[in-house]
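Engineer: Starting off with a structure, shown below.
Every read-out reported here was derived from the displayed coordinates using simple, explicitly stated rules and does not represent laboratory data. Because the structure is predicted, anything quoted here is derived from the model rather than measured. Here the Cβ positions follow ideal geometry from the backbone for every residue, glycine too, while neighbour counts run over all protein chains shown.
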Amino acid sequence: MSGCDAWALSPEEIRTLLTQPSGAAPFAALQRPWLWDAGGPVLSSRARLLLRAKGLALPALEISPSADGATKLLCAFGDDRVEAVHMPRKERVTLCLSSQVGCAMGCGFCATASMGFRRHLFAGEIVAQVLTTLRACGPRHPGQLTLVFMGMGEPLHNLDNVGRAIEILCEPQGLGLSPRRITVSTSGLVPEIDALGRLSQRPLLALSLNATTDALRNELMPIGRRYPLATLAAALARFPLRARERITLEYVLLAEVNDSDADAERLADFGAAFPHHINLIPFNEHPHAPFRAPSEARIDAFAKAILARRRTLITVRRSRARDVQGACGQLVQLHAARHSQARA
Ligand code: SF4
């Protein structure tokens, strides 16, 4: 039970709770922040009372705008803090969400990993994270919104709550997002990838790959010891894709660790059995990991080596909100550091 459970109620559940013939009006009042007044939904006093008993709190937000137009948001759920990043581009906004407080996966390059795992976010907390951010930073129209579960946590480690939140966010009486505008990024939990493929509101899938040999992946991402690359590639090949849909392969480039031409060729081969798109992400340096970003010349050479091996779609993603600690987990770490300095 969290202080945000009411945000994850379906129209049907709200109807039962309020014993009203239709749950649509209170559900829409909750889920459409452009209708809110004075920072919260406009509800009858009885509805507010009943929903408060379920948990109708909204997280407090600490907002850090970045010079590149992105905004980092620190959402407080009681004593727990998670990050979201709001990234506008022209008319559209991509919102990067957290699914857990901390993370249990222990990836060697990740700032969140150094926090360890604290807990799963409840579905209502994930929905509340979206709604409060929309309210604070827009967009006003949900058709301009894209969601990516690439913030703190491994979303497939918390699939029940993430799946439930996606269902609510896709409800036509609320935000009415398309699951094709929601991406779930995983470190590679194979049974949960299969389970994700069975969701009625199935989002797009991204795999955080980052290594092309089992030896290096096991070193960088301990989950690799449970699910080797061949097992992972087989899971991606059987993942049910819609027409023209592709799986995103995310590859964080670490200088002199995973950025050789041989790595590029193995990366091209990894995706041979399924439609995919490769997203190269130069490492965003931070004090919690010893890695460096490759030079621009090496990034170009790496992309060319992939294309020389196989024709595929490649993008190079630049981290946004770098000046406000853009990599996942960094803002929370900074907050914790400030906190402990203040206490000392
Ligand atoms: S990269 Fe993702 S899965 Fe790995 S530790 Fe960080 S948050 Fe967890």
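Engineer: Please arrange 120, 157 by how many other C-beta atoms lie within 10 Å of their C-beta, fewest to most.
Structural biologist: Final ranking by Cβ density, sparse to dense: 157, 120.
Engineer: Rounded to two decimals, what is the ratio between the C-alpha radius of gyration of the range 1-57 and 2.2 N^0.38 Å?
Structural biologist: Working it through for the range 1-57, the quotient is 1.01.
Engineer: Right, here's the next one. On full extension of the chain, what length is gained from residue 144 through residue 44, given 0.36 nm per residue of separation minus the C-alpha to C-alpha distance?
Structural biologist: Values: separation 100, 0.36 × 100 = 36.00 nm, distance 2.97 nm.
Contour length minus the Cα-Cα distance gives 33.0 nm.
Engineer: Continuing with this model, one more query. Starting from the Cα gyration tensor of the range 49-201, take the square roots of the eigenvalues, sort them a ≥ b ≥ c, and report rounded, prolate or oblate (rounded when a/c is under 1.5, otherwise prolate if a/b is larger than b/c, else oblate).
Structural biologist: rounded
Engineer: If amide hydrogens are placed 1.01 Å from N in the peptide plane, which non-local residues have theirs closer than 5 Å to the one on residue 249?
Structural biologist: Excluding prolines and chain starts, which carry no amide H, the hits are 207, 277, 278, 279.
Engineer: Projected onto the charge dipole of the chain (+1 at Lys/Arg Cβ, -1 at Asp/Glu Cβ, origin at the Cα centre), which of 207, 70, 121 gives the Cα projection farthest towards the positive end?
Structural biologist: 70
Engineer: Taking every pair of Cα atoms in the chain, average 1/r, invert it to obtain the Kirkwood radius, and report Rg/Rh to two decimals.
Structural biologist: 0.98
Engineer: Under 5 Å between amide H atoms, partner at least 5 residues away or on a different chain: which partners does residue 185 have, H built in plane at 1.01 Å?
Structural biologist: For residue 185, the qualifying residues are 149, 206.
Engineer: Test of understanding: what is the full-extension gain from residue 37 to residue 119, defined as 0.36 nm times their sequence separation minus their Cα-Cα distance?
Structural biologist: 26.4 nm
Engineer: Still on this structure, I have one more. Taking +1 at the Cβ of each Lys and Arg and -1 at the Cβ of each Asp and Glu, which of 254, 293, 158 sits farthest along the dipole of the range 58-343 towards its positive end, judged by Cα position relative to the Cα centre?
Structural biologist: With unit charges placed on the Cβ atoms, the residue in question is 158.
Engineer: About its Cα centre, how strong a charge dipole does the chain have in debye, to the nearest 20, once Lys and Arg get +1 and Asp and Glu get -1 at the Cβ? Walk me through the numbers on the way to the answer.
Structural biologist: Working: 40 positive and 31 negative charges, 145 e Å.
It works out to roughly 700 debye.
Engineer: Here is a follow-up. Can you give the charge dipole size of the range 111-231 about its Cα centre, rounded to the nearest 20 debye, using +1 on the beta carbon of Lys and Arg and -1 on the beta carbon of Asp and Glu?
Structural biologist: In total the dipole reaches around 220 debye.
Engineer: Still on this structure, please answer the following. What list of ³J(HN,Hα) values in whole Hz, one per residue of the range 289-299 in order, does the Karplus curve 6.51 cos²θ - 1.76 cosθ + 1.60 (θ = phi - 60°) give from phi, with Gly and Pro shown as x?
Structural biologist: 8, x, 8, 10, 7, x, 5, 4, 4, 5, 4
Engineer: If you place +1 on the Cβ of every Lys and Arg, -1 on the Cβ of every Asp and Glu, and leave all else neutral, what size is the dipole of the range 1-57 about its Cα centre, to the nearest 20 Debye?
Structural biologist: 140
Engineer: Count the net charge of all other residues whose Cβ sits under 14 Å from the Cβ of residue 230, scoring Lys and Arg as +1 and Asp and Glu as -1.
Structural biologist: +3
Engineer: Step through the residues of the range 49-54 one at a time and calculate ³J(HN,Hα) from phi using the Karplus curve (6.51 cos²θ - 1.76 cosθ + 1.60, θ = phi - 60°), rounding each to whole Hz and writing x for Gly and Pro.
Structural biologist: 4, 5, 6, 4, 4, 6
Engineer: I need 192, 245 ordered by Cβ neighbour count within 10 Å, fewest first.
Structural biologist: The order, fewest Cβ neighbours first, is 245, 192.
Engineer: Follow-up question, since we're still on this one. Considering only DSSP beta bridges with both partners in the chain, what is the antiparallel share in %, to the nearest 5?
Structural biologist: Numbers: 22 of 47 bridges.
The answer is about 45 percent antiparallel.
Engineer: Add -39500 (n - 2.57) for each DSSP H run of 4 or more in the chain, then divide by its residues: what number comes out at 222 nm, to the nearest 500 deg cm²/dmol?
Structural biologist: Result for the chain: -10000 deg cm²/dmol, rounded to the nearest 500.
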